[in-house]
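Take a look at the structure set out below.
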Amino acid sequence: MVRVVAACLFLGVVAGAAYYVSVPTAQELLPTVSSEGQEQFVISVDDTPFTVTLAADAAARAQGLSGVRYLPEGEGKLFIFEESAPHSFWMKDMYIAIDILWFDAAGELVHAVENADPQSYPLSFVPPLPATYVLEVPAGSADAYSLTEGSQMEFSEALQRCLENTCFIK
């Protein structure tokens, strides 16, 4: 009898753990809103999660992180382009150093500039390969999380739905 109870408890714990792991969190299913009123989504690069706001239209891409004085660890700005190209970036009106990560349409990291400094303006950073997505994160993030060429970016379910429905196009 004791073995049967122990086996049932073990199976219950294993089943509960499997259920817990497989159920997405609310943040993965629904976007949240930043203090500036922008929708936030979760992405991951090599299983490292980042909470991002989107820069998916011309005006948002031009603004980017310009004027931002602090970017918390684990947060960033995801630039989404309609077409893959060697999109260039500069540090105009920037106050903080950042890492700039370019990803192709399949989500593979194709180029990175680490510790891009605001003093580098008007220098432009241009990847050698076309990219569809660009992620700006706090300086040092690429090194801290070992993000290198070939790293893989994945979108939360909420962001996947947004992209499928072109919710960001104005």
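No value in this document is a laboratory result; all are computed from the given coordinates. This one's a predicted model, so the numbers in the text were calculated from it and none came from an experiment. Note: ideal-geometry Cβ built from the backbone for every residue, glycine included; neighbour counts use all protein chains shown.
Summing charges over all other residues whose Cβ lies under 9 Å from the Cβ of Val137, with Lys and Arg as +1 and Asp and Glu as -1, gives -3. In a simple Cβ point-charge model (Lys, Arg +1; Asp, Glu -1; nothing else charged), the stretch 41-170 has a dipole of about 540 debye relative to its Cα centre. Mean sequence separation of contacting Cα pairs (under 8 Å, at least six apart), scaled by the length of the stretch 45-170, corresponds to a relative contact order of 29 percent. For the peptides 98-108, 131-141, the ranking by mean Cβ contacts within 10 Å, running from highest to lowest, is 131-141, 98-108.
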